[in-house]
1. Only one residue in 267, 301 is in contact (Cβ under 8 Å) with a residue 24 or more places away in the chain, surrounded by fewer than 14 Cβ atoms within 10 Å (Cβ to Cβ) and in a helix (DSSP H, G or I). Which one?
2. Please identify the pairs in which a residue from the stretch 78-100 that is touching a residue at least 60 places away in the same chain (Cβ under 8 Å) and closer than 18 Å to residue 327 by Cβ has its Cβ atom under 8 Å from the Cβ atom of a residue that is of a type in the set (S, T, N, Q) and not in a helix (DSSP H, G or I), counting only partners at least 6 apart or on another chain.
3. Within the stretch 58-87, count every residue that is in a helix (DSSP H, G or I) and touching a Ser or Thr at 6+ places or on another chain (Cβ under 8 Å).
4. Which condition from (1) part of a strand (DSSP E or B); (2) over 30 Å from residue 327 (Cβ atoms) is the one that residue 167 breaks?
5. Kindly indicate which of 252, 193 is acidic (Asp, Glu), within 20 Å of the chain's Cα centre (by Cα) and crowded, with 17+ Cβ neighbours inside 10 Å.
6. Does residue 30 fit the bill of being part of a helix (DSSP H, G or I) and surrounded by fewer than 23 Cβ atoms within 10 Å (Cβ to Cβ)?
7. In the list 129, 136, 157, which residue meets the criterion of being out of contact with any helix residue (DSSP H, G or I) (no Cβ under 9 Å at 6 or more places or on another chain) and in contact (Cβ under 8 Å) with a residue 24 or more places away in the chain?
8. Of (1) within 22 Å of the chain's Cα centre (by Cα); (2) not in a helix (DSSP H, G or I); (3) not hydroxyl-bearing (Ser, Thr, Tyr), residue 295 satisfies all except one. Which?
Amino acid sequence: MSSQSSAASGANARSVACTIVAKNYFGFARTLAESFCRANEGNDFYILVADRDHERERFACRGAHVLFLEDLGIDAWRKIAFKFDIVELNTNVKATLLKSLLARGYPRAYYFDPDVYLYGSIGVLDRALDPASILLTPHSLSPLPTDGRRVVDRDLLKCGVYNLGFIGVRNTSQARAFLDWWEARCLAEGFNEPGLGLFVDQHWIDLVPGYFNEAVILRHPGCNVAYWNLHERLVREDAGEYVVEAGGGLHELVFFHFSGIDPQDIERVSKHQNRVTLGSRPDLRKLYAQYVMRLLQNDHEQFAQEPYGFGAFANGRRIPAVLRRFYAALPALGVDSDPFDIGSATYRFAKRHRLLGKPGRREGALPNSLTVDEENSGVLYAAGCGLRLALAILGPTRFAMLSKFMRYYGIPNNQARIVFRGEP
């Protein structure tokens, strides 16, 4: 079904759900939509493709409406697409998409990350949301083990109390006010930059229960099951259906969040953790194997090769992640309506400062932490030697001041203020 389809829309549907992807994740979106439509007849599903709209007809999904970024009506949307990297863009237009769906007259709207799969009806979500305006799920319902493995509670403090792989809103004045508030902050400051207290769209939501009294926290163990709460939940089959064993009882598995899955190496469960493997959790093996099979049936491998449409200037020169941050921090670069154009002030700035990537090379995200391999690398050892020398030369007080300086100006958003003072 294309964006023009209208089997059930607006007020005629009980609820609407949506997801957001770049083209390389479209196989995930198809799989999610398939799972939603199977268990939720009469409700609509939308896929927003936060990517260039050329060859739009290739990105169709049976049972779903498909939109592209420019369909949302965001002011200066090309500037937004340049300002954020692929992950930031896909997360920061979430509030805008939900606003557009409520404006179509739907009584309730749910967002799911594309790597979610629904195993049951959203009836449990409707019942939880109907007395409220905003529905949230915490990452975990109990403390994570302190066993030296990841993730731990401290990791959740870095990314936010609530997991924004899911959120629900009801069409009320408070929900609409919340979405206006959230949208403004995401589009202005939704960077993946823990040093600034930011983790794309998520940390803002920590404030929601205090700011909005019609927010409710869903504690159903069968909702948003994922690697960050597997320490407290077991998955079982019961009469052909999946259930979750938690808190001494059995609960319907409503949706599982396959965050960080590598379809070519499902044994790891998620690339973001090292606590759980399929070897240590045989209860998950069938669930993961079935999910990957469905991804492949929905052409995941083909879509995974799609280049990111907002990853390069009009002439094919790649846009480094650090250039996006400089663009956001330097107002003078935003004078052009299309920063992707090779005649723009942004392109001239990038060329002058040798900030243009090579054509065809994929953009890498800015790292926020080191892997185990990187922590043991020769480069880091050499850096440590240099820091010890600096400590010996400067002494402890000045070295501490240098460390704070490096911490602050190690963030590209802050670097721009001193590196390009008086420019462009």
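Bear in mind these aren't lab numbers, they're just calculated from the coordinates by the rules spelled out. Quick caveat, the model's predicted, so the values are computed rather than measured. Positions of Cβ are backbone-derived with ideal geometry, glycine not excepted, and every protein chain shown enters the neighbour counts.
1. That would be 301, the only listed residue that is in contact (Cβ under 8 Å) with a residue 24 or more places away in the chain, surrounded by fewer than 14 Cβ atoms within 10 Å (Cβ to Cβ) and in a helix (DSSP H, G or I).
2. 78/337; 79/337; 85/192; 87/192; 88/192
3. 5
4. Evaluating residue 167 over (1) part of a strand (DSSP E or B); (2) over 30 Å from residue 327 (Cβ atoms) leaves (2) as the failure.
5. 193
6. Here the answer is no, as residue 30 does not meet what is asked.
7. None of the others qualify; the one that does is 129.
8. Single failed check for residue 295: (2).
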